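The values are calculated or read from the model by the stated rules, or taken from the named source; none is laboratory data. In this text, all values refer to a predicted model and were calculated from it rather than measured experimentally. Cβ coordinates were reconstructed from backbone atoms using ideal geometry, including for glycine residues, and neighbour counts include every protein chain displayed.
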Amino acid sequence: MFQASFCSPVFYGGSVASGWPTPADGYLAEEAARSMSTSLAQFKLADELGYDWVALTEHHFGPFSLTPNPTVFAGAMTQVVKRAKIALLGSLVPMLNPVRVAEEVAMLDTMSNGRIVAGMLRGTPNENVTYNTNPSESRSRFEEALLLIREAWTQPIPFGWQGRFFEFRAISIWPRPVQQPHPPIFMSGSSPESAAFAGRNRVSLGLAVTTLPLATEAVSRYRAAASEAGWTPTPEHVLYRLGFHVADSDEQAHADFEASHARRQRGSPVLANQALEATIAGTGYYGADHARQGDRVRGHFELADRLELGQIMLGSPATVLAQAQRIRRQLGAGIFDLIPAFELGDRTLHSMAMFASKVLPQLRDSDHV
Amino acid sequence: MSSLKDAVLWLRPDDAAGVSPLAERLAQDQRVVTLAASSTDVRALAAVSPDLGQFVLIGQSSGAEAALALARAAGEACAALILIAPVLAPLPPAEAAPDMPILLLLGTDDARVPPSAAAALCAALPRAHPILIYGAGHVLDCDRVEAVAAVMRDFIARRDKFIVRDASDLLYP
């Protein structure tokens, strides 16, 4: 059945406009605390409204989302979110100790009684600076880390790992995941290399910071790779992340959008330091399809373009339902990861509720359309 | 073959061709003797092995069975055993396992002896340390020569103690 994921990277105060890594001179502890409690309240509400998942991201060194370690925040969520799955979208595994990630996710899976979705990502290009990793090795490190984590979850005896980037003499994690053989793994699959790896290794696909045409290509590459590996992905294997805002009418939704522009925007941690982004692009980080993959994160579009490109859904429930159906049909995606297009307090809460009550049931009912 | 003292004796599958690049790598440090597992030399060795001086024994793929037999026959002369993607069917009972440090190497891409075989192999060989060689298939000694050589050398030098890292992580003094 169609599933909706609610992703809430709320933060107040600070802006990446002053660059990345962002200096802390404008940092306000109270604002950070309020951001976290607001996020937690929104996740709780999403759970009560019937969203299937709630989702977290990992970002570093700036006021973009305040979850440099999403597993810490997810630990709190296991006690507040009673029903929905809790998705880490994701852990930046090339930069982390994969054994530690396997342990933390298994802990969360135990604390939530088997409700964790383990997203694993390479991180935005700039984030290679965070723990001093070489962006040109990011993909190889990612692939090895993912397979090592999966082995740590499933291998019943202590084992060693002689990798290319990771070396361990004995691994035997406790606790073990509740979900067997292991929590579902999602990875970003926008590039041809990622889609091929995901298909080959039976990993679910997540598509974010992209456009509907590019995502459609990626899904088709994924299906081809899966088919070569002898299996067929279902819609539940494909997640698409996009912005959303639902209001009582189209006019109100657009008025909300205009109002949000009067406020400070989140900005992009990738674009906050363009010299850094260019340096990382020069290492081969983006892979064979670099021109288009780089444009995914560099793209600036007007609202009309963003609607057309499937980056955002905006309008009345009927309008958003039509937008959602178009994207879903074209992609064959069974999970939407929804980020509030902008933070407008009560109107954002209203948008969440409208989507859950007036759009989501129709999407679920039309599974066979 | 007068003595195997401090040598590595490697029993390869009978169909293994040419010189293993891993054997060349190991030979930089010590004497490496490779034999086809079912050769008459191996059977002859079993009789005299207790007097050959301490050696480390490697059994690879279908050579693993002969290596286990030789390890049992050699007793203390065989200081340690290394099994590379061992094909053992049926698995010997744990009571028959050689009582010595054992390094068990399995490739993550090996369809013949996959990582999922590690648990059963270790139940049959209670002293085995399983190490997964990432990205290697059944022919581990050709697929990731440096990675396999590094862990083997460490094990040959330090036996069971190899699970404790002794290489320095100090970046700058």
When the stretch A:144-183 is checked residue by residue, the ones that are of a type in the set (G, A, S) and within 8 Å of chain B (Cβ to nearest Cβ) are A:G160, A:G163, A:A170
Of (1) in contact with a Gly (Cβ under 6 Å, 6 or more places away or on another chain); (2) not in a helix (DSSP H, G or I), B:L88 satisfies every one except (1)
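Do we find that B:A80 is within 11 Å of another protein chain (Cβ to nearest Cβ), in contact with a helix residue (DSSP H, G or I) (Cβ under 8 Å, 6 or more places away or on another chain) and either small (G, A, S) or surrounded by fewer than 20 Cβ atoms within 10 Å (Cβ to Cβ) (or both) in this structure? Spell out the reasoning first.
Values: within 11 Å of another protein chain (Cβ to nearest Cβ): no; in contact with a helix residue (DSSP H, G or I) (Cβ under 8 Å, 6 or more places away or on another chain): yes; either small (G, A, S) or surrounded by fewer than 20 Cβ atoms within 10 Å (Cβ to Cβ) (or both): yes.
So B:A80 fails the test.
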The residue that is farthest from B:G135 (Cα to Cα), considering only those in the stretch B:108-122 that are facing another protein chain (nearest Cβ under 10 Å) and of a type in the set (G, A, S), is B:A120
Those residues of the stretch B:162-171 that are over 22 Å from B:Q28 (Cβ atoms) and either facing another protein chain (nearest Cβ under 10 Å) or of a type in the set (A, V, I, L, M) (or both) come to a total of 5
Among (1) of a type in the set (A, V, I, L, M, F, W, C); (2) in a loop (DSSP other than H, G, I, E, B); (3) touching a residue at least 24 places away in the same chain (Cβ under 8 Å), A:A74 falls short only on (2)
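With respect to B:V151, determine if the residue is more than 12 Å from chain A (Cβ to nearest Cβ) and under 28 Å from A:I149 (Cβ atoms).
On the way: more than 12 Å from chain A (Cβ to nearest Cβ): no; under 28 Å from A:I149 (Cβ atoms): yes.
It is false that B:V151 is more than 12 Å from chain A (Cβ to nearest Cβ) and under 28 Å from A:I149 (Cβ atoms).
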Checked the stretch A:13-36 for anything in a loop (DSSP other than H, G, I, E, B) and either in contact (Cβ under 8 Å) with a residue 40 or more places away in the chain or among the small types (G, A, S) (or both); matches are A:G13, A:G14, A:S15, A:G19, A:W20, A:P21, A:T22, A:A24, A:G26
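Consider B:G53 carefully, then state whether it is surrounded by fewer than 19 Cβ atoms within 10 Å (Cβ to Cβ), part of a loop (DSSP other than H, G, I, E, B) and modelled with pLDDT of 95 or more.
Taking the combined requirement at face value, the residue does not satisfy it.
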For the stretch A:125-136 the number of residues that are of a type in the set (D, E, K, R) and either within 14 Å of chain B (Cβ to nearest Cβ) or part of a loop (DSSP other than H, G, I, E, B) (or both) is 0
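Could you check, for the stretch A:95-112, whether at least one of its residues is of a type outside the set (V, I, T) and in contact with a Leu (Cβ under 7 Å, 6 or more places away or on another chain)? Walk me through it before giving the result.
Start the filter on the stretch A:95-112 by keeping residues that are of a type outside the set (V, I, T), which leaves A:95-98, A:100, A:102-104, A:106-109, A:111-112.
From what's left, in contact with a Leu (Cβ under 7 Å, 6 or more places away or on another chain): A:98.
Within the stretch A:95-112 (the criterion being of a type outside the set (V, I, T) and in contact with a Leu (Cβ under 7 Å, 6 or more places away or on another chain)), the answer is yes, since at least one residue qualifies.
Here is a list: A:R122, A:R202, A:R139. Which entry is farther than 30 Å from A:A304 by Cβ and within 14 Å of chain B (Cβ to nearest Cβ)?
A:R139 is the lone residue from the list that is farther than 30 Å from A:A304 by Cβ and within 14 Å of chain B (Cβ to nearest Cβ).
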Cβ pairs under 7 Å, 6+ apart or interchain, first in the stretch A:112-123 and within 11 Å of A:I86 (Cβ to Cβ), second among the acidic types (D, E) and at pLDDT 95 or above, ordered by first then second residue, are A:I116/A:D109
query = Quick check: is even one residue across the stretch B:130-145 more than 13 Å from chain A (Cβ to nearest Cβ), modelled with pLDDT of 95 or more, part of a loop (DSSP other than H, G, I, E, B) and surrounded by fewer than 16 Cβ atoms within 10 Å (Cβ to Cβ)?
reply = no
Of (1) touching a residue at least 24 places away in the same chain (Cβ under 8 Å); (2) assigned to a loop (DSSP other than H, G, I, E, B); (3) more than 11 Å from every other protein chain (Cβ to nearest Cβ); (4) of a type outside the set (S, T, N, Q), B:R159 fails just (2)
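With over 27 Å from A:G13 (Cβ atoms) and either surrounded by fewer than 19 Cβ atoms within 10 Å (Cβ to Cβ) or in contact with a Cys (Cβ under 6 Å, 6 or more places away or on another chain) (or both) as the only criterion, which of A:G315, A:G345, A:G284, A:G310 stands out? Working first, answer last.
Details: A:G315 fails: either surrounded by fewer than 19 Cβ atoms within 10 Å (Cβ to Cβ) or in contact with a Cys (Cβ under 6 Å, 6 or more places away or on another chain) (or both); A:G345 fails: over 27 Å from A:G13 (Cβ atoms); A:G310 fails: either surrounded by fewer than 19 Cβ atoms within 10 Å (Cβ to Cβ) or in contact with a Cys (Cβ under 6 Å, 6 or more places away or on another chain) (or both).
Going through A:G315, A:G345, A:G284, A:G310 in turn, the sole match is A:G284.
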